[in-house]
């Protein structure tokens, strides 16, 4: 039944958004090194996972790996760079320090046209970094020293930026501290108040395990569009099968986009389930950033009037590019790959 | 005529060297970005050259380039890493600061087994960096902010390390300050006193132009083995033709190894000139490090009993690997390419 109130108050569409996507996440520089499976075994690393490490462990792992390359990373930051590379307008909120890596992180966002709203510099805590070990099978195993990135609080949010983004995109990785959880809820409210959509990526099944109840209540209360892979979704609902998790997520969310590696992706709504194939690539070199760039393609499509299948196809194109080379961000303008 | 003295003093071979090659150079982290020729024109950059820039210019150029990747570089440092990658024992002397990039620089040497003798940390001066613009034709244009690297003085030399290297390898790039010139002469004397060979790379024709007389007297007085490309050698002697420069260098040096890009290299001694072909590669991606890795292969061969042609062939193999990918250091163990 339609409420009579709507006939007396002026219902307006939200003002035109300045940004297509506003990302919030852990601002990290990736330190990428190659190693074999024996290295993972020696250092008790679980292939494909993301593990939070303290300073000592970070130093130890860094000392143990071979020559490394430093590239800006961070899951949501990779995503907003992907959106920009497709021609979208993106902004990023995350916390760095006043050091070399913090400078590089900001540069690499601005260099692709992403608006960076960094909040206050963290004093005395270095910029976060993620030691990524890439094995010959192209899998990446991540060891994250959060540093400044984890110190994000609600005070660091530029709410004008949040209110000016058509879709807010929040990274589950950040969800390990109470301040960050508060920041997520605060940002999600600000986005909804401005008539925007709120999306979240689950990021990692271990992260989901650590904060399952908080994730579930955040998703039920505030999330319109959920990203994750099959493993993360199954972990979220502690389901015995992926199919059960799909049933659960249809109850909780207006929309979920779930990646399944080489098997492609599913777009799940209460009404439908669409399956979209992955983009074949000649050689998978490094899977770092695959999920991040899938989200980039999907969000670009979503904010540019594509249907859900088209969104997932754009996701597949962007993910296909990033797994073809070392590093978590596109090496070509993604817009040139879209015809 | 043989001097009678040799019959009364005991002439001994120098003690077995701990290192095959000891490099001295500018300790730099490369900041690598891709851009087109128009970018070079806009910023008045001369393709293929190395330009020294001050802080303001470095900041300006960095702000202007797109997303970048940070990798340890520095000409002589690349060379000693190449020697280590071939299975040789190498050490490096150069100056960094106590910051992220300085840490990465040291890590990347140690990670491949190079002994790093950094001297004292530079206080308040950041680690040097080289903003490298790679154009679509794979040429690299380098803009070097020397930072801490240029503060090397004779006091920073670990003379035990120098005396323990079968060949001392000095990088002409470092030769822009009087302290560094003094350090070169000091190191060369220490090497000769220990019965070692002294080699020098000319590095850059502009650098040769700036310091031609000093280079020539250093070469005549102290250098046994000279590295350079055809352009640098021609600049050194202000010759009208490369052939004239070859004639000159035969008078000055026991040996010169001269690279000529895709045309291969020449090994020049007073008695002979050997020409060795370049190693064909499927695709030249980034020529950064080509000369450095040629020197690595040559020096590895030279310290492992190869004849001069074999030395140049090893140089061609090492250079061929490094131009096949982005970045100035080998991505595979070079020893696996040598059969």
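The values are calculated or read from the model by the stated rules, or taken from the named source; none is laboratory data. Quick caveat: nothing in here was measured; it's all calculated off a predicted structure. Here the Cβ positions follow ideal geometry from the backbone for every residue, glycine too, while neighbour counts run over all protein chains shown.
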Test for residue B:101: is it without any contact (Cβ under 8 Å) to a residue 60 or more places away in the chain, crowded, with 24+ Cβ neighbours inside 10 Å, touching a helix residue (DSSP H, G or I) at 6+ places or on another chain (Cβ under 8 Å) and under 27 Å from residue B:318 (Cα atoms): no
Pairs needed: first member in region B:148-170, assigned to a strand (DSSP E or B); second member anywhere, modelled with pLDDT under 95 and surrounded by fewer than 21 Cβ atoms within 10 Å (Cβ to Cβ); C-beta distance under 7 Å; at least 6 residues apart or different chains. B:165/B:17; B:166/B:17
Which condition number in (1) within 19 Å of the chain's Cα centre (by Cα); (2) surrounded by fewer than 18 Cβ atoms within 10 Å (Cβ to Cβ); (3) within 30 Å of residue B:78 (Cβ to Cβ) is the one that residue A:74 fails? (2)
In region A:108-125, anything under 14 Å from residue A:71 (Cβ atoms) and either touching a strand residue (DSSP E or B) at 6+ places or on another chain (Cβ under 6 Å) or crowded, with 21+ Cβ neighbours inside 10 Å (or both) is listed as A:108, A:109
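This table checks each residue for (1) modelled with pLDDT of 95 or more; (2) within 13 Å of the chain's Cα centre (by Cα).
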{"residue": "B:296", "(1), (2)": "yes, yes"}
{"residue": "B:307", "(1), (2)": "yes, no"}
{"residue": "B:313", "(1), (2)": "yes, no"}
{"residue": "B:316", "(1), (2)": "yes, no"}
{"residue": "B:325", "(1), (2)": "no, no"}
{"residue": "B:334", "(1), (2)": "yes, no"}
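Step by step: first the residues of region B:113-126, then only those that are within 11 Å of chain A (Cβ to nearest Cβ) and at pLDDT 95 or above, then the one that is farthest from residue A:131 (Cα to Cα). Which residue is that? Spell out how you get there, then give the answer.
Within region B:113-126, the first condition is being within 11 Å of chain A (Cβ to nearest Cβ), and the residues that meet it are B:113-114, B:126.
Adding the requirement that they be at pLDDT 95 or above leaves B:113-114.
Numbers: B:113: 20, B:114: 21 Å.
Once the filter is applied, the top-ranked residue is B:114.
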Yes or no: region B:270-289 includes at least one residue that is surrounded by 20 or more Cβ atoms within 10 Å (Cβ to Cβ), part of a helix (DSSP H, G or I) and in contact with a helix residue (DSSP H, G or I) (Cβ under 9 Å, 6 or more places away or on another chain). no
Residues being over 21 Å from the mean Cα position of the chain (by Cα) and under 21 Å from residue A:128 (Cα atoms) - total across region A:44-66: 14
Flagged in region A:312-328 as more than 12 Å from residue A:258 (Cα to Cα) and touching a strand residue (DSSP E or B) at 6+ places or on another chain (Cβ under 8 Å), in numbering order, are A:313, A:319, A:326, A:327, A:328
Which one is farthest from the chain's Cα centre (by Cα) among residues in region B:11-29 that are modelled with pLDDT of 95 or more and farther than 16 Å from residue B:176 by Cβ? B:18
Looking at this structure, is residue B:174 at pLDDT 95 or above, surrounded by 24 or more Cβ atoms within 10 Å (Cβ to Cβ) and within 17 Å of residue B:79 (Cα to Cα)? no
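If I filter region B:137-153 down to residues being under 19 Å from the mean Cα position of the chain (by Cα) and surrounded by fewer than 19 Cβ atoms within 10 Å (Cβ to Cβ), which single residue comes out as nearest to the other protein chains (Cβ to nearest Cβ)? Even if it seems obvious, please write down each step before you answer.
Step one: of region B:137-153, the residues under 19 Å from the mean Cα position of the chain (by Cα) are B:139-153.
After this cut, where a residue has to be surrounded by fewer than 19 Cβ atoms within 10 Å (Cβ to Cβ) as well, the list is B:139, B:153.
On the way: B:139: 18, B:153: 24 Å.
Only one residue fits best here, namely B:139.
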Looking only at region B:59-75, which residues are touching a residue at least 40 places away in the same chain (Cβ under 8 Å), over 21 Å from residue B:331 (Cα atoms) and touching a helix residue (DSSP H, G or I) at 6+ places or on another chain (Cβ under 9 Å)? B:62, B:65
Report, by residue number, each residue of region B:52-89 that is within 14 Å of chain A (Cβ to nearest Cβ) and in a strand (DSSP E or B). B:69, B:70, B:71, B:72
Odd one out for residue A:134 among (1) within 26 Å of residue A:232 (Cα to Cα); (2) within 14 Å of chain B (Cβ to nearest Cβ); (3) surrounded by 23 or more Cβ atoms within 10 Å (Cβ to Cβ): (3)
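Pick from A:47, A:95: which is more than 13 Å from chain B (Cβ to nearest Cβ), farther than 26 Å from residue A:20 by Cβ, part of a loop (DSSP other than H, G, I, E, B) and touching a helix residue (DSSP H, G or I) at 6+ places or on another chain (Cβ under 8 Å)? Steps first, answer last, please.
Values: A:95 fails: farther than 26 Å from residue A:20 by Cβ.
A:47 is the lone residue from the list that is more than 13 Å from chain B (Cβ to nearest Cβ), farther than 26 Å from residue A:20 by Cβ, part of a loop (DSSP other than H, G, I, E, B) and touching a helix residue (DSSP H, G or I) at 6+ places or on another chain (Cβ under 8 Å).
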State yes or no: is residue B:266 crowded, with 16+ Cβ neighbours inside 10 Å and touching a strand residue (DSSP E or B) at 6+ places or on another chain (Cβ under 8 Å)? yes
